[in-house]
Structure formats: structure tokens, C-alpha cells
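Colleague: Next up is a structure, given as C-alpha cells.
Just so you know, all these numbers are worked out from the coordinates, no wet-lab data involved. Everything quoted here is computed from the prediction, not taken from an experiment. Cβ sites come from the backbone with ideal geometry, for glycine too, and all protein chains shown count toward neighbours.
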Amino acid sequence: MSKRCVRSLLASAVGALPILAFAPGALAQAYPAKPVRVVIPWPAGGLTDVAGRIVFQKIGEHVGQQFVVDNRGGANGIIGAELVARAAPDGYTLMVHSTSHVSNAHTYKKLPYDTLNDFTPIGLIVAQTGMLVVHPSLPVKSVKDLVALAKARPDEILYASSGSGSFSHLAVALLNSMTNTKMVYVPYKGGGPATTAFISGETQFMAGSPAALTTQLKAGRARLLAVTSESRLPQYPDIPTVAEAGVPGYEFRAWVGVFGPANLPRPVVDRVNAEIKRALEAPDIKLDAFEPWSMTPEQTAARVKADYEKYGRLIKIAGIKPE
């Protein structure tokens, strides 16, 4: 190779350095350049689905690109999560999932992915506080009444759940454990089907979300006993927490978060996280029935890891055996 050719190649390489240095920023500005698939591993109508749709619709309006929701319900969120774990880490396949994502690692003997290592935590969108509700046909008006009836009628009160290890399952499993009661778990394929079954009278009790239950409460199709958080909900100031209602020390709160496949480029992670925060702060976003909860990617990763360990302990305490 001639000296002239070598000099030409060196000049080209040096000239490319500024472009490479600014590539991450350019990637963040260019993303998304096409529609983004948002996998929600639950059927339509549950808390995770509704919150995810609202937030990503707003993000789409802000960035001028489509975020297309793809509901892939089944196996307590595992089917959709596997799809995302196997997707290309380019930012065009994202996932909106609940804390079932971490509990599944403890309630199933084998998963087709590694919960902590096959995904990139991006951010949280809402907190999940449960509302303990009973069907109007059940003769109870308080948590104390419910506990007394459950003790008098063990294995007779059925509670609806969106799946094994889901928030709605573990919230009541924890209540059973702390009150020495035996209410029976009935799994459904998501929060929407679980709520429908409860309203129809197929089950008598559930720990549901404000988003799923507010309309039902107003219509008199459900009776609200307490909330699972450590403090009362602003929209229901007269409703006690479970701890206040007679089970001292009870507290259970979860989240809905956004994930990508492992090795998602940091500029994409930062862009999506920033857009989540922007959407949650938008004055016209329709999240009245939710508790918006924004975190940085680092905070989200730390929360996911901490809850992975917490749910493992709770599942053992509750006596839930892996399926």
C-alpha cells in the first residue's frame, strides 16, 4: 500500500472521530424513526394494560411516532415477556409489565428467560395500590368482618386473582398469612378477566386496582373495605388502610414499569425514560385513577432487584409452591 493511501485512510479515520463521539446523542435524537411495538403481557382491560396505553399514547403524541400496543396475555405474563427477551435490543420492542415480572421467578420452576439479566429496566409509570373489595352479596362491611367470616367459613370465600404470584394473588395471600385465614385463590388470565369474574359473583373477594374498580364501586357492584398501601389514597380519604382496619403491620404496594431487551443502548433508555417522565407530568394525561410514579433507570433497576428478593421471601411465607 502506498504512503498516499495510508495517509488517506488515516485522514478518513480521524475525520470520523467527531461523528463517533456524537453518535449516542444522534441516536437518541433520531429515535424513534419508525413505529415502536409495546408488548403488554396481559389481556386488555387490566391495570397494566390501561396504564401502559395511556402513557404510550401520550409519548406518541409528544414524539410524533406510533407506539403500538401488542397484548400478549397468558401464563401470568411469561408469554409476552419471553417475546421481549428474544427481541432485538434496538428500542423498537418495549414491554410494560407489573411486579408479576419479578414474582414469576419464584412461582414458576423454570422460565424461558432470566428475569434480572435478560431485560433492561427503563422506568416506572404507576404505583399499584390494591383495594380490598367484596361482592355485595357477601355479608361483610369491614376487614374485621371479612376476617371473622373467613375464619368461620374456611376454604369457602373465593378471591379472584390475575394469576399466580400476581399482585392480586399475593396481596390476599399476605392477608391470609397475617390473619390465619383460608380464603381460596382463583386465577384468571389478567386483571380484566379477574374483575369481570368478581363482578359477576363468580368470586366474592379481590384485591383490585382503583382503575379497574372505581366505576364498579360507583355503580354499587362492589363494596370497598380497605386499601393495601401504608397510607390512605387521596381519592378515598375515608377508606382505611388494611393496617388501620385491624391488621397491624400489613402493607403491600407494587408497580407497573417499562422494560426493553437486555443490552438496550443507553441513549435509547434515556430517551424513553425522559419521555415517560414528560408524559406523566403532562397536564392533560388521563391518569386520575392511578398513582403516577416516575424513576430514573438506575432507581428502577434497584427497585426491580429489591422487589425480586422481597417477593421471593413473601412467596415462601405465603406457602406458594412453584408451578
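Colleague: Just to be sure I understand: of the beta bridges DSSP finds with both ends in the chain, what percent are antiparallel, rounded to 5?
Modeller: 60
Colleague: Can you bin region 247-294 into rounded, prolate or oblate? Criterion: square roots of the alpha carbon gyration tensor eigenvalues sorted a ≥ b ≥ c, rounded for a/c under 1.5, prolate for a/b above b/c, oblate for the rest.
Modeller: It is oblate, given that a/c is not under 1.5 and a/b is not larger than b/c.
Colleague: Report, in deg cm²/dmol and to the nearest 500, the calculated mean residue ellipticity at 222 nm for the chain, where each DSSP H run with n ≥ 4 adds -39500 (n - 2.57) and the sum is divided by the residue count.
Modeller: Calculated from helices alone, the mean residue ellipticity at 222 nm is -13500 deg cm²/dmol.
Colleague: Same structure, new question: Expected output is a single nm value to one decimal: the length gained when fully extending between GLU309 and ALA88, i.e. 0.36 nm times separation in residues minus the C-alpha distance. What is it?
Modeller: 76.8 nm
Colleague: Now a separate question. Just need the relative contact order of the chain here, percent rounded to a whole number, with Cα pairs under 8 Å and 6+ apart.
Modeller: 27
Colleague: Extent of region 37-174 along each principal axis, from alpha carbon coordinates, in Å, largest to smallest?
Modeller: So the extents along the principal axes, rounded to whole Å, are 56, 36, 20.
Colleague: Pairwise over distinct Cα atoms, reciprocal of the mean inverse distance: report the Kirkwood radius of the chain in Å, one decimal place.
Modeller: One over the average 1/r among Cα pairs gives 20.9 Å for the chain.
Colleague: What nm value, rounded to one decimal, do you get for the distance between GLU230 and LYS141 when each label is placed 7 Å out toward the C-beta?
Modeller: 3.2
Colleague: Is region 154-311 best put as rounded, prolate or oblate by its Cα gyration tensor, with a ≥ b ≥ c the root eigenvalues, rounded for a/c under 1.5, and otherwise prolate when a/b is larger than b/c, oblate when not?
Modeller: prolate
Colleague: While we're looking at this one, here's another question. How much FRET efficiency would the formula 1/(1 + (r/R0)^6) give for LYS182 and TYR108, where r is the Cβ-Cβ distance and R0 is 25 Å, rounded to 0.05?
Modeller: 0.60
Colleague: Normalised by the residues of region 162-253, what does the relative contact order come to in percent, with Cα pairs under 8 Å and at least six apart?
Modeller: It comes to 22 percent, rounded to a whole number.
Colleague: Right, another one. Sort region 27-100 into rounded, prolate or oblate with this rule: let a ≥ b ≥ c be the square roots of the eigenvalues of the Cα gyration tensor; rounded if a/c is under 1.5, and if a/c is not under 1.5, prolate when a/b is larger than b/c, oblate otherwise.
Modeller: It is oblate, given that a/c is not under 1.5 and a/b is not larger than b/c.
Colleague: Within the set LYS151/LYS316; LYS110/LYS189; LYS110/LYS305; LYS58/LYS310, which residue pairs have Cα atoms separated by over 24 Å?
Modeller: As for pairs spanning more than 24 Å Cα to Cα, those are LYS58/LYS310.
Colleague: Sticking with this one: Under a Cβ-Cβ cut-off of 13 Å, what is the net charge of the residues other than LYS310 that fall near it, where Lys and Arg count +1 and Asp and Glu count -1?
Modeller: After counting each charged neighbour, the total is +2.
Colleague: Using DSSP H assignments, which helices in the chain have an axial alpha-carbon span of 20 Å or above and a mean Kyte-Doolittle hydropathy of -0.5 or higher?
Modeller: 3-21, 47-63, 266-280
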